[in-house]
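The values are calculated or read from the model by the stated rules, or taken from the named source; none is laboratory data. Worth saying up front: this structure is predicted, and the values here are computed from it rather than measured. All Cβ positions, glycine included, derive from the backbone under ideal geometry; neighbour counts span all protein chains shown.
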Amino acid sequence: MAQTKYSGPQKAAILLLSFGEDVSAEIFKNMNEFEIKRIGSAMSRLGRLEQDIVDEVMMEFYEILQQNKKFFYGGSEFTKKVIGNAFKGGDADELIDQLSLGSAANLDSLELIDPRTLANFIRNEHPQTMALILAHLEAKKCGETLKILPETLHTEILMRIARLDAVQPEIINEIDDVLRQEIQAMGSIHTQKIGGVEPIAEMLNLIDKATEEQILDSLEERDPDMAEKIRKLMFTFDDLVKIDDRGIQELIKNVNNDKWKIALKTASESVRDLVFKNMSERAAKMLREDMEAMSAVKLTDVENLQSEIVQIARKLEQEGKIIIASGDSAYV
């Protein structure tokens with residue numbers, strides 16, 4: 001049997017010779033000098049091989065691949081080429097299909113878990129693992145989950161999210177292995193841009209003011225440049241002054257007065273004046289009267305409505321109905 005007659009380097013040499021020059025060259029590019037020397041030496045000493053020996057080594061390779069499906073990050077043209085050269089016809093197609101099942105996955109199914117359950121689930125994980133998991137969530141849920149986690153971890157997690165970039169499939173799979181019993185995750189195997197300061201800014205726009213300030217102040221102490229980048233990307237209720245009169249009029253049409261009267265309760269004078277100025281005289285007068293007659297309102301209710309109006313403004317901007325200026329350029 002090939003499994004007993006030949007050494008590991010010899011089997012690798014047989015496989016590479018069977019794959020052909022192009023594929024073998026690509027594989028050699030991923031080896032270190034020691035591995036290249038060992039396999040290259042084995043290649044030069046193999047001599048003529050009977051077809052049944054080649055078939056035995058190929059079959060062993062096939063069996064190893066089947067036993068280690070979780071290590072197969074299928075879908076790349078190179079991997080298909082390797083398998084295609086090793087096994088002809090239907091055997092190659094079948095093996096690629098088998099090995100692709102349940103391979104690298106993202107964490108989309110995390111969206112099915114409520115924030116409190118998720119926070120409790122990841123509470124004891126390493127901050128880097130927490131960052132990778134939270135970076136896969138949509139901004140609002142990320143903020144809600146982060147708020148439940150200990151405050152001492154907030155800054156560390158956010159800094160790690162901001163520094164994430166393209167995540168390799170094997171890293172996602174390692175996390176998926178930990179979560180496998182609770183979460184069934186399936187999806188793309190390509191590297192994913194999931195981190196950076198943009199999702200942090202979006203998430204901070206959706207959480208309460210107190211938590212937002214606590215996080216930003218903490219980030220300021222740890223990394224002032226990062227905190228500044230995040231602040232520049234954030235769009236708050238006070239930033240409504242960056243919208244021109246026509247845009248504010250469009251926003252007013254999309255938000256009823258019952259919401260404005262509460263949202264404007266803690267707003268700056270400049271924001272109030274901007275809203276009143278872009279209403280009809282009668283509508284502005286009625287809104288002022290409603291605000292004066294209004295009883296005490298919870299601060300959280302005010303902040304929630306301000307956040308809702310901000311989201312409406314951003315949606316209108318995405319639709320091209322308003323422009324939110326930032327310095328000399330449009331706020332994106």
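Let's see how each residue does on (1) in the same structural domain as residue 304 (by TED's automatic domain parsing); (2) part of a strand (DSSP E or B); (3) modelled with pLDDT under 80; (4) closer than 30 Å to residue 298 by Cβ:
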position	(1), (2), (3), (4)
116	no, no, no, yes
128	no, no, no, no
142	no, no, no, yes
152	no, no, no, yes
160	no, no, no, no
177	no, no, yes, no
186	no, no, yes, no
206	no, no, yes, yes
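Here residue 274 meets each of (1) in contact with a Leu (Cβ under 9 Å, 6 or more places away or on another chain); (2) free of Cβ contacts under 8 Å to residues at least 24 places away in the same chain with one exception, condition (2). Could you please find all residues in the stretch 243-269 being touching a helix residue (DSSP H, G or I) at 6+ places or on another chain (Cβ under 8 Å) and not in a helix (DSSP H, G or I)? The answer is 243, 254, 255, 267, 268.
Here residue 249 fulfils each of the conditions (1) over 14 Å from residue 279 (Cα atoms); (2) in contact (Cβ under 8 Å) with a residue 24 or more places away in the chain; (3) not β-branched (Val, Ile, Thr) apart from (1).
Residue count for the stretch 29-57 satisfying the condition of being at pLDDT 75 or above, assigned to a helix (DSSP H, G or I) and farther than 11 Å from residue 9 by Cα: 7. Could you tell me whether any residue of the stretch 290-303 is in a helix (DSSP H, G or I), of a type in the set (D, E, K, R), at pLDDT 90 or above and touching a Lys or Arg at 6+ places or on another chain (Cβ under 9 Å)? Yes - at least one qualifying residue is present in the stretch 290-303.
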